[in-house]
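Following: one structure in C-alpha cells, then a few remarks.
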Amino acid sequence: MLTPALIFAAMALPFGAALAQSNQEVAVQRASAQKPTDGPAQNFTGKVSVTGRFQGTAPARVGGGAVSFEAGARTAWHTHPLGQTLIVTHGVGRVQHWGGEIQEIGPGDTVWIPPGVKHWHGGSPASGMTHIAISESLDGKTVDWMEHVSDQQYGR
Ligand code: MN
C-alpha cells in the first residue's frame, strides 16, 4: 500500500530515474501533476505538507521539495549525512540545532545545516512556514530521523 509514510520515505531514495524521462532531456515536472503528501507522524509533529519534489539524475545527488508547516508543526530531531539548505518562501518559522538557541526565520532567509548536525525546523507557534529543502544523498540516504521535538523544546 502506498501510504504517506512510504511516499515521503521515497524522497530519500535515488528515484530520479523514475521522475526524469532520460538523462538527455530536460525534465519539467508540472505542478498540476503533483499531489502534496503529508509528513508522516513518526517524523513530524502537526500538519506538514510536501510538494514540488525534485531529484537530480546520477551522478547528481541533489533532491528536495517545498515543505509547508502549519503553525506549531515541526520536524522531529534529525541529521543529514551531507547537510541541507533551506530557503524560506512564506511565513514565520523556527530552526534550532542541538544545544543552540531557537532562531526565527522568514521569507528570503536561507539556512545551511552542516552534515551530521542534529536539528529541527518548522513553523512558529503563531504562523505557518514554507521552505524549499535541498539536500544531497549519501549511499541513497538524505536524512536520519531521531526523537520528536517536545512542546517544551519547541518553546510553547
Ligand atoms: Mn533538516
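The values are calculated or read from the model by the stated rules, or taken from the named source; none is laboratory data. Please read all numbers here as calculations on a predicted model, not as lab measurements. When we count neighbours, we look across all protein chains shown, and the Cβ atoms used for this are built from the backbone with ideal geometry, even at glycine. Heads up: the accessible areas ignore ligands, DNA and RNA and are worked out on the full protein's heavy atoms, side chains in. Shrake-Rupley method; radii C 1.70, N 1.55, O 1.52, S 1.80 Å.
Expressed as a whole percent, the accessible surface of the chain that belongs to carbon and sulfur atoms is 56, based on a 1.4 Å probe.
With a probe of 1.4 Å, find how much accessible area segment 79-156 has per residue, and write the answer as a whole number in Å².
Values: 3940 Å² over 78 residues.
Normalised by residue count, the accessible surface of segment 79-156 is 51 Å².
Computed from label points 7 Å out along Cα-Cβ, the spacing between Trp98 and Asp38 is 2.9 nm. The sum of -39500 (n - 2.57) across all DSSP H runs of n ≥ 4, divided by the residue count of the chain, sets its helix-only mean residue ellipticity at 222 nm to -1500 deg cm²/dmol. Over all directions, the projected convex hull of the C-alpha atoms in the chain averages 9.3 nm² in area. The value of relative contact order for the chain, using C-alpha pairs under 8 Å at least six residues apart, is 26 percent. Each part gets one Cα centre, and for segment 104-132 versus segment 57-80 those centres are 10 Å apart.
A protection proxy built from the mean count of other Cβ atoms within 10 Å ranks the segments 140-147, 90-97, most packed first, as 90-97, 140-147. Extension gain for the segment Gln153 to Asp109, taken as residue separation times 0.36 nm less the Cα-Cα distance, is 13.6 nm to one decimal.
On full extension, the segment bounded by Val117 and Thr51 gains 21.3 nm, given 0.36 nm per residue less the C-alpha separation.
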